[in-house]
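The values are calculated or read from the model by the stated rules, or taken from the named source; none is laboratory data. On a predicted model such as this, the values are computed, not experimentally measured, just so you know. Every residue, glycine among them, receives a Cβ derived from its backbone with ideal geometry; neighbour counts consider all protein chains shown. Side chains are part of the model used for accessible areas, which takes the heavy atoms of the whole protein and leaves out ligands, DNA and RNA. Shrake-Rupley method; radii C 1.70, N 1.55, O 1.52, S 1.80 Å.
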Amino acid sequence: FVAIVLVLAIVWLGLGTFYTVQPNEIALTLVFGRYTGRTLPGLNTNWPWPIGRVIKVPEQDQQITEIGYRSLGGSADIPEESQMLTGDNNMVDVHFRVNWQIDPAKPEDYVFRILNPRATVKAVAETIMREEVGLKTIDGILTTDRKAVEIDVQKRMQQVLDGYRAGVLVKQVQLQS
């Protein structure tokens with residue numbers, strides 16, 4: 001009986017202790033549910049389940065959030081997201097996309113601080129774009145102010161998300177046609 005228990009314990013430790021992290025990932029390790037650190041790509045060790053747990057995060061993958069439209073399955077317009085009021089009281093349809101990724105310096109914030117990071121990025125982007133559009137005229141948004149709006153929205157989004165400690169790095173904001 002002791003030999004069987006010993007063999008089972010060795011198998012449990014052997015199979016559950018080692019894990020591999022891919023080059024585009026970072027792993028967050030937990031012991032008894034408490035965050036203990038991160039591990040880099042390659043072969044790593046942690047306590048097996050139920051003592052330890054590993055959460056792998058694709059930190060280098062680019063994420064895209066589309067606001068005002070969806071490009072999957074054709075180009076579907078979503079008016080409740082895209083219709084915005086300009087500073088000169090005109091309505092404009094604003095379709096834009098946000099390219100973002102998990103912040104490599106703070107992946108634990110992405111996993112543990114925000115309940116739904118994708119929805120948070122979308123809400124922050126939509127709110128800040130509405131404010132920026134509300135400060136500009138329709139002519140400026142359609143012509144000369146496009147680049148300035150993109151840069152301002154990106155900077156302000158990053159400030160808000162940093163304030164939330166969301167663990168998100170905003171790479172680019174692009175106004176669509």
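Values computed for the structure shown
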{"quantity": "Loop-exposed chymotrypsin sites (Phe, Trp or Tyr not before Pro) per DSSP, neighbour cap 13 Cβ within 10 angstrom, longest uninterrupted part of the chain", "calculated": "33-177"}
{"quantity": "Tail fraction, Cα-Cα pairs, the chain, threshold 22 Å, whole percent", "calculated": "56"}
{"quantity": "Solvent-accessible surface (1.4 angstrom probe) belonging to THR86, in square angstrom, nearest 10", "calculated": "10"}
{"quantity": "Angle between the chain longest axis and helix 117-135 axis [Cα atoms, degrees, rounded to 10]", "calculated": "20"}
{"quantity": "Residues of the chain: accessible area per residue with a 1.4 Å probe, Å²", "calculated": "58"}
{"quantity": "Relative contact order (%) - the stretch 17-115, alpha-carbon pairs under 8 angstrom, separation at least six", "calculated": "23"}
{"quantity": "Accessible area in the full protein assembly, largest first, 1.4 Å probe, for VAL5, VAL173", "calculated": "VAL5, VAL173"}
{"quantity": "Computed accessible area, ILE26, all protein chains, 1.4 angstrom probe, square angstrom", "calculated": "10"}
{"quantity": "Carbon + sulfur, % of accessible area of the chain - ligands and nucleic acids excluded, 1.4 Å", "calculated": "59"}
{"quantity": "Linear extension gain, ALA76 paired with ALA148, 0.36 nm per residue minus alpha-carbon span", "calculated": "23.3 nm"}
{"quantity": "Whether the stretch 118-168 is rounded, prolate or oblate, judged on the alpha carbon gyration tensor where a/c under 1.5 counts as rounded", "calculated": "prolate"}
{"quantity": "Accessible surface ranking that places the most exposed of LYS171, LYS106, LYS147 first, with a 1.4 angstrom probe", "calculated": "LYS147, LYS171, LYS106"}
{"quantity": "Helix 2-17 vs. the chain, principal-axis angle (Cα, 0 to 90°, nearest 10)", "calculated": "20"}
{"quantity": "Rounded to whole Å, sorted largest first: equivalent-ellipsoid semi-axes of the stretch 73-154, Cα gyration tensor", "calculated": "27, 15, 11"}
